[in-house]
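Each reported figure results from applying straightforward, stated rules to the coordinates on display, with no laboratory input. Fair warning: this is a prediction, and the values are worked out from it, not measured in the lab. Because the Cβ atoms are built from the backbone with ideal geometry, glycine has one as well, and the counts that use them run over all protein chains shown.
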């Protein structure tokens, strides 16, 4: 399960609308919890695939190094990534799977049709290594109440674990 | 120096976000990492010992593939080595 506050959820959809008809991409920062991941910040990234912006995305590794450093400073982890599919369903493609390597993280896809974000889905990259990795659709839990509850539950769990 | 481990690989590094090593080159640092945590090796390297194509290694803000001397580049105690699997895709 991926828990979002409404503001972050809206932000990644807005990003997809702004870059339409090109793909947007970015990083989800937050925490891992017992039943998934909690988004506590989103970071917009540039799409370096200038040769094919409408159907490919790639985040420069040096940008990821910077994002990872910023996350560390805030006590957050990289928990996933997001991108958009302009005029295409919110389903991972074979390219999405082949080029996904962060096992245990969330890959969020927003379908943007004619410039409007219509559907956002999240997929956990499951498996143990490159040979058996696969996407499993996961529940996206949004809204301020659910988000606050997810964060509170995670703090309680961490406190209980000592 | 510190080696920063990305979240998917921490399970092979004692669940730690960083691993401390003492090394004089990038190669030595990575060798120490995989000696301390042998399970990491097959996730970072191909069977013929090359870094996997999707595994990026950065010395501070520089890709080691473009450093003078590449993996033989010198490192200092205050340096940070980051392992960053690539992020890409598209429909």
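For the reader, a short list of remarks on this structure follows.
- Label-reachable residues, segment A:25-54, where backbone N falls under 18 Å from a point 7 Å from residue A:87's Cα toward its Cβ: A:51-54
- Reciprocal mean inverse distance between Cα atoms of chain A - Kirkwood radius, Å: 16.0 Å
- Alpha carbon centroid spacing (whole Å) that separates segment A:1-34 from segment A:35-86: 9 Å
- Placing R0 at 35 angstrom, the Cβ-Cβ distance between residue B:24 and residue A:66 gives a FRET efficiency of 0.85 after rounding to 0.05.
- Of the peptides A:92-100, B:78-86, the order by per-residue mean of other Cβ atoms within 10 Å, starting with the highest, comes out as B:78-86, A:92-100.
- For chain B, relative contact order (Cα pairs under 8 Å, six or more residues apart, normalised by length) works out to 37 percent.
- Counts of other chain beta carbons within 10 angstrom of each beta carbon in peptide A:56-69 average 6.
- Taking Cα atoms only, the orientation of helix A:144-161 departs from the longest principal axis of chain A by about 50 degrees.
- Debye intensity ratio in log₁₀ form over the Cα atoms of segment B:2-85, taken at each q of 0.12, 0.25, 0.27 Å⁻¹: -0.29, -1.45, -1.68
- Label-point separation, residue B:76 to residue A:134 (7 Å along Cα→Cβ), nm: 5.0 nm
- Each label point was placed 7 Å from the Cα along the Cα-to-Cβ direction; for residue A:54 and residue B:66 their separation is 3.0 nm.
- Förster-model FRET efficiency, 41 Å R0, residue A:95 and residue A:73, C-beta, rounded to 0.05: 0.80
- Acute angle (nearest 10 degrees) that the helix A:6-19 long axis makes with the longest principal axis of chain A, alpha-carbon atoms: 10 degrees
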